[in-house]
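Engineer: Input: one structure, supplied below.
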Amino acid sequence: MRPPRLLIVLLLIGATFAMVWGWLSTSADNVPNPSPRATPSGTSAQRPMPPAAWPPASTDATATVEERVPLPPIERMEPAAQTLAQAMANGDDRMPPIARSEPGEQPTAVELANPEAYQRYEARQHMKLLSNYVAAANQALPQLQRDIERGRAAGIAPADIAKAEAKARAIADMKAELQKQYPELRDKP
């Protein structure tokens with residue numbers, strides 16, 4: 001069922017009238033009223049000054065603009081492109097130092113030329129990765145166990161303790177699995 005056209009037209013006219021009424025009432029509020037109005041306490045209060053009358057005239061006729069409005073010193077601003085170029089050339093003194101890691105072992109020209117030699121290079125890299133995992137697990141597991149004990153003593157929620165214990169078990173299980181598959185990764189006494 002379609003609404004009658006007359007109803008739609010009346011709604012549009014009413015909405016337009018409401019918008020015009022709101023606009024007229026707000027513009028009438030912005031007109032300054034020079035006469036003071038009485039407040040409930042019996043004192044007279046004036047409307048706030050419109051922005052065109054700001055700043056108010058000084059009561060001291062001898063005061064200059066510099067005395068009334070002290071301006072902070074302005075630093076000399078350089079264009080952004082110039083400061084960017086300086087930072088790129090000399091570095092930014094606010095930037096923390098970048099820790100650079102040493103490049104890993106790269107394949108030799110012989111290894112790159114020979115597929116079997118390159119596979120041996122890849123196997124060496126893979127064993128190095130697994131060995132680093134086992135070494136990191138050896139360092140992380142005791143620290144994780146200490147953290148779990150400290151958490152228990154501090155009253156950490158049991159669910160959070162369980163998450164940490166699950167992490168420790170997963171790391172220990174992966175370490176054991178790697179040492180089972182690759183005997184050369186076993187801890188040396």
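Engineer: Take P103 and decide whether it is within 30 Å of E177 (Cα to Cα), without any contact (Cβ under 8 Å) to a residue 24 or more places away in the chain and either among the polar types (S, T, N, Q) or surrounded by fewer than 12 Cβ atoms within 10 Å (Cβ to Cβ) (or both).
Structural biologist: Here the answer is yes, as P103 does meet what is asked.
Engineer: Can you give me the number of residues within the range 67-125 that are of a type outside the set (V, I, T), over 27 Å from L185 (Cβ atoms) and within 37 Å of the chain's Cα centre (by Cα)?
Structural biologist: Looking only at that region, the number is 28.
Engineer: If N132 passes every condition in (1) out of contact with any helix residue (DSSP H, G or I) (no Cβ under 9 Å at 6 or more places or on another chain); (2) of a type outside the set (S, T, Y); (3) surrounded by fewer than 10 Cβ atoms within 10 Å (Cβ to Cβ) but one, which one does it miss?
Structural biologist: Here N132 meets the rest and fails (3).
Rule-based calculations on the coordinates, nothing more; no lab input. Since the model is a prediction, treat every value here as computed from it, not as a measurement. Heads up, the Cβs are rebuilt from the backbone with ideal geometry, glycines too, and the neighbour counts pull from every protein chain shown.
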